Every structure is written in C-alpha cells, then in structure tokens.
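Data block below; observations after.
Every number here is computed from the coordinates shown, using simple stated rules; none is lab data. These numbers come from a predicted model, not from an experiment. Cβ placement follows ideal geometry from the backbone for every residue including glycine, while neighbour counts extend to all protein chains displayed.
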Amino acid sequence: MNKLLNKVKFNTILRKIGAIDPKKTRQYLLILLVVFMWSFAILSSTIKSSIDKISIKTVPPFQYDEKLEADIKGMVSGHPIEGMSKYIASRDKQTAAFMVAIAKKESNWGERVPVLDGKDCFNYWGYRGKREHMGSGGHTCFNSPRDAVYTVANRIDELVIEYNLDTPSKMVVWKCGYGCAGHDKKSINKWVADVDLYYQELVN
C-alpha cells in the first residue's frame with residue numbers, strides 16, 4: 001500500500017514539473033546557478049584565507065642574498081655543502097652563518113655524513129629530529145638538500161628567536177643538549193671556538 005502511495009506521489013510531482021512554463025524553468029535554473037556560484041565563491045575565499053593564515057605562520061619571508069651565497073661558496077668550495085649554498089643564502093644571515101659554521105664542525109661541510117642504504121642523508125649538522133627515515137648513528141635522513149636546509153634552518157631560527165641562543169657559546173646546546181655537565185669541558189670549548197671562527201667570518 002505504501003509503495004503504491006509513493007508511486008502516486010512521485011507521478012504527481014512529475015506532472016507538476018512537466019506543467020511548469022519553460023520560461024519559468026529557465027529562470028529557476030538561472031537562479032539556482034547564481035546561488036551555486038555565489039556559494040562556491042564564498043567557500044573558495046574562506047579556504048584561501050585559511051591557507052594564507054597557515055602560510056603566514058609557518059613560512060618565513062625568505063629573501064635570497066646573492067652576496068651571502070658568494071661568501072658561502074668561497075668558504076665551502078669543493079665540499080658537498082657547496083650545493084646547498086643558494087638555499088642557505090635564502091635564510092636570515094645569522095641563521096645562515098650558524099648553518100655553515102655548525103656544518104663545518106659536525107661533518108666538515110658534508111665530508112662525514114650519516115647514510116641510509118649507502119646514500120647521503122644530506123644531514124651535515126648532526127641533526128637528530130625523528131622522522132620516518134633515520135640514517136646511521138640515529139641521525140635524520142632528509143629527502144633532499146633543500147629539505148635539509150629548510151628543516152635545520154627552522155630549528156636554528158627557533159633557538160635564536162625563542163630561546164635567545166644568539167652566540168656560538170650559547171648555541172653549544174646543539175652539541176650537548178640543554179645540559180653539558182656530562183661533557184668534556186675541553187671538547188665543549190673546542191666546539192664553541194671552531195663554530196665561532198666560521199660564524200664570525202660570515203655574520204660580520
């Protein structure tokens with residue numbers, strides 16, 4: 001019985017639709033189209049606004065420094081990190097100076113590096129952030145040189161800006177974490193002195 005009633009109702013609706021004036025049908029369709037396009041425009045604007053807000057928070061305003069790149073290349077010429085010079089020179093000068101100086105101390109600018117399946121992990125800083133792919137010695141394996149610079153530079157930015165570690169003596173936490181008590185004092189002083197040598201050459 002219910003099926004029969006539903007069928008009658010459906011047929012009635014179809015007859016009513018068929019009885020609509022074609023001109024009115026076009027008007028209704030035009031109105032629906034306008035409403036749809038308006039709704040889509042609002043949705044697109046909302047999504048774009050959300051993406052822009054995320055981008056502003058997570059992506060610093062990098063600006064490539066041609067002279068800085070030339071200075072970096074002149075310093076690291078012939079070493080693997082030379083291929084990263086342009087990416088490093090796109091970061092804040094202080095951060096770039098720390099990156100070059102720390103990489104010299106930790107890997108001799110890419111000559112001693114963690115590997116995964118025999119391949120270079122592009123980790124020239126002894127960075128140990130947890131990722132899906134980890135290289136030898138428990139070090140992070142990066143997807144590319146650009147990924148390596150972006151990730152490590154962001155970490156250095158954080159240490160400098162949020163924790164005020166703006167000198168090599170303060171940045172020694174990179175070597176021994178936030179507690180250097182268990183580390184040999186001579187090795188700590190040596191790390192600071194070596195990093196400071198290259199840091200000062202680039203930052204000044």
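In nm, to one decimal, how far is the modelled label at residue 133 from the one at residue 93, with both set 7 Å along Cα→Cβ?
3.5
Using a basic spin-label model with each label point 7 Å from the Cα along Cα→Cβ, how many nm lie between residue 30 and residue 196?
7.9
Per 0.36 nm of contour for each residue apart, how much would the distance between residue 188 and residue 162 grow if the chain were fully extended, relative to their Cα-Cα spacing?
7.1 nm
Find the percent of Cα-Cα distances in segment 70-139 that exceed 19 Å, and round it to a whole number.
Details: 779 of 2415 pairs.
Here the tail beyond 19 Å accounts for 32 percent of pairs.
Based on the Cβ-Cβ distance from residue 178 to residue 146, what FRET efficiency comes out when R0 is 22 Å, to the nearest 0.05?
Working from the Cβ atoms, E equals 0.15.
Report the local net charge at residue 131: Lys and Arg +1, Asp and Glu -1, summed over other residues whose C-beta lies under 14 Å from its C-beta. Spell out each step's value before the answer.
Details: positive: 128, 130, 155; negative: 132, 147.
With Lys, Arg at +1 and Asp, Glu at -1, the neighbours total +1.
So how far apart, in nm, are the two label points at residue 37 and residue 67 if each is 7 Å from Cα heading toward Cβ?
5.3
Considering the convex hull of the alpha carbon atoms of segment 66-204, report its projected area averaged over all viewing directions, in nm², one decimal.
So the mean shadow area of the Cα hull is 8.1 nm².
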